[in-house]
Amino acid sequence: MPNPLFHPDHGWIAAHIPHQGRMCLLERVLAWDAQRIACAATSHRAPEHPLRDEQGRLGAAHAIEYAAQAMAVHGVLLAGSGQPLGVGYLTSVRGVRLHVDRLDDVADDLHIEAERLSGDERLILYQFTVSAAGRCLVEGRASVVLDAQRL
């Protein structure tokens with residue numbers, strides 16, 4: 001049974017999701033349960049962030065990657081020691097609203113929340129927000145397909 005009192009750090013996250021090195025963007029899990037996960041990130045301020053453009057900017061649309069990684073961590077935490085959920089693939093994003101142009105100039109830590117709206121063993125729909133200091137930066141919905149090779 002999953003333990004929502006367990007709050008993984010960056011090392012645990014990197015060991016359990018496919019995103020490695022600097023592409024593992026999340027710092028830690030703040031809270032989670034069967035429907036939701038909240039994570040924190042500081043990597044948006046890193047000058048060597050792998051998604052920065054040639055001018056060193058990190059566009060707000062990259063918040064979707066932060067949300068996708070939070071969803072991946074959520075899946076791993078829900079699987080616990082039981083049957084693995086399989087590899088997830090982000091298949092679509094909808095209703096995305098960018099309330100800022102970029103993330104690299106946000107001084108505060110990012111707060112990433114994802115809420116599972118529906119799903120089964122093949123497809124999951126999440127709603128997500130990325131905020132900083134209580135201000136919503138990016139929000140939307142995302143679909144994740146699990147074990148796409150089985151479809």
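Of the listed requirements (1) part of a loop (DSSP other than H, G, I, E, B); (2) aliphatic (A, V, I, L, M); (3) under 14 Å from the mean Cα position of the chain (by Cα), residue 5 misses just one: (3). Going by the structure shown, is residue 78 at pLDDT below 95, under 22 Å from residue 33 (Cβ atoms) and in contact with a Gly (Cβ under 6 Å, 6 or more places away or on another chain)? Spelling it out, it is not the case that residue 78 is at pLDDT below 95, under 22 Å from residue 33 (Cβ atoms) and in contact with a Gly (Cβ under 6 Å, 6 or more places away or on another chain).
Scanning the stretch 100-138 for residues that are among the hydrophobic types (A, V, I, L, M, F, W, C), free of Cβ contacts under 8 Å to residues at least 40 places away in the same chain and touching a strand residue (DSSP E or B) at 6+ places or on another chain (Cβ under 7 Å) returns 117, 123, 125, 132, 136.
So residue 92 passes all but one of these: (1) at pLDDT 95 or above; (2) over 13 Å from the mean Cα position of the chain (by Cα); (3) of a type in the set (S, T, N, Q). Which condition number does it fail? With (1) at pLDDT 95 or above; (2) over 13 Å from the mean Cα position of the chain (by Cα); (3) of a type in the set (S, T, N, Q) applied to residue 92, the lone miss is (1). Applying the condition of being assigned to a helix (DSSP H, G or I) and touching a strand residue (DSSP E or B) at 6+ places or on another chain (Cβ under 8 Å) to the stretch 55-68 and asking which residue is surrounded by the fewest Cβ atoms within 10 Å (Cβ to Cβ) yields 61.
Identify the residue in the stretch 95-123 that is hydrophobic (A, V, I, L, M, F, W, C) and within 14 Å of the chain's Cα centre (by Cα) and, among all such residues, is surrounded by the fewest Cβ atoms within 10 Å (Cβ to Cβ). Top of the filtered list is 110.
The values are calculated or read from the model by the stated rules, or taken from the named source; none is laboratory data. Just so it is clear, the model here is predicted, and its values are computed rather than measured. A quick note on method: Cβ atoms are made from the backbone with ideal geometry, for glycine too, and the neighbour counts reach across all protein chains shown.
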